[in-house]
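The values are calculated or read from the model by the stated rules, or taken from the named source; none is laboratory data. Predicted model only: the values in this text are computed from it and were never measured. A quick note on method: Cβ atoms are made from the backbone with ideal geometry, for glycine too, and the neighbour counts reach across all protein chains shown.
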Amino acid sequence: MHKTLQHSLIAATLMASAFSAHAETITLKVHHFLGPQSIQHTTMIGDWCKNIERDSKGRLNCQIYPAMQLGGSPPQLFDQAKDGIADVVWTVAGYSGTRFSRIQVFELPFMMTNAEATSRAAWDFAQKYATDEFKDVKLLAVHVHGPGIIFTREAPITTLADFKGKKLRGPTAQITKMLKNLGATPVPMPVPAVPEALSKGVIDGAVIPYEVAPGLRVQELTNFTSEPDPSYNALYTTVFVVPMNKAKYDSLPADLQAVIDKNSGREYSAFLGKTQAGNDAPGKKKFEAAPNQKITIIPASELKKWDAATADLSAGWVDDMGKRGYKNGQEMLEAARSMIMANTK
């Protein structure tokens, strides 16, 4: 009788421990480089956190750290996810130089149709051609922003000739190549550095999408906006990635891994692209309301000249792939274009 009671107590204790471990709330540390008022913080990352908390019945939640609150600089974010300083990060792939050179095919000039379609294509491309670029993390999403816009301080850019001599901020290696081909002097820097660089005259202007520009006070720091005709493919876009620490993901029980999987992947990528680009319109209104701003729409006839001036960058990307040991560069380039078109409605 005594042994039976003892065994029952042990079994009950083990069951209670198992239940406690099962019910324990796991908080993911999520890190990014924009502010707490940004749509990236409140909606793009914020909604994901709400969704995993809902689907896990409260067993998963997030602590989001905006504006590099966990330390480091934007180019270090991917490694922070890889090394476990953060559990999940949102960052620009190109902030790591050419480390993610294959996925950056989507940053080639005039590739993008719209952000939602191109984000789906970028996810599909990553799964087919670039899984080893992300082998050290659990990749949750790949996406792009809306069409890139040119903002300048002293003089507008309305023709190809206007680029000459302009020091323009470029976000990634691929886009700085584009600016050089157009005749500008590219100055690479992450987006948080743009306000100070503009205010101090380090740069004459910057290429960024409308959605993030007001948060950087670009409407106050520049006087001219050059917006490519929206009926033409986008001048450029930037690739973003959402990596998760692999060990953290692997440590989760199977049902919580399933929650992460359900809320990640192709459709989450499309949501991120659509949501970020959807904030372009309210961003543009800030520029339309700014008394100092002159907005010029660059017509398709002029964009064709810009397109021709940057056309060799696609062949250059293929050549670079070959130098890196990827002999299927032309196939990847054509696949990226086909994937975008297949997803464009």
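From the list 134, 151, which one is touching a helix residue (DSSP H, G or I) at 6+ places or on another chain (Cβ under 9 Å), crowded, with 24+ Cβ neighbours inside 10 Å and of a type in the set (Phe, Trp, Tyr)?
On the way: 134 fails: crowded, with 24+ Cβ neighbours inside 10 Å.
Residue meeting the stated conditions: 151.
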Checklist entry - Of all the residues that make up the range 95-130, how many are touching a helix residue (DSSP H, G or I) at 6+ places or on another chain (Cβ under 6 Å), in a helix (DSSP H, G or I) and not aliphatic (A, V, I, L, M)? => result 13
Item to check | Options 140, 168; residue that is assigned by TED's automatic domain parsing to the domain that holds residue 203 and either surrounded by 19 or more Cβ atoms within 10 Å (Cβ to Cβ) or within 27 Å of residue 268 (Cα to Cα) (or both) | outcome: 168
Checklist entry - Would you say residue 180 is among the charged types (D, E, K, R), within 20 Å of residue 74 (Cβ to Cβ) and without any contact (Cβ under 8 Å) to a residue 24 or more places away in the chain? => result no
Checklist entry - Of these, 314, 264, which one is outside any helix (DSSP H, G or I) and surrounded by 15 or more Cβ atoms within 10 Å (Cβ to Cβ)? => result 264
Checklist entry - Looking at residue 295, is it in contact (Cβ under 8 Å) with a residue 24 or more places away in the chain, part of a helix (DSSP H, G or I) and not hydroxyl-bearing (Ser, Thr, Tyr)? => result no
Item to check | Failed condition for residue 318, given (1) within 24 Å of the chain's Cα centre (by Cα); (2) touching a residue at least 40 places away in the same chain (Cβ under 8 Å) | outcome: (2)
Checklist outcome for this item: Within the range 275-292, of all residues that are among the small types (Gly, Ala, Ser) and part of a helix (DSSP H, G or I), the one surrounded by the fewest Cβ atoms within 10 Å (Cβ to Cβ) is 289
Item to check | Considering residues of the range 196-245 that are small (Gly, Ala, Ser) and part of a strand (DSSP E or B) only, the residue farthest from residue 311 (Cα to Cα) | outcome: 205
Item to check | Matching residues, the range 219-258, being under 30 Å from residue 26 (Cα atoms) and under 19 Å from the mean Cα position of the chain (by Cα) | outcome: 239, 240, 241, 242, 243, 244, 245
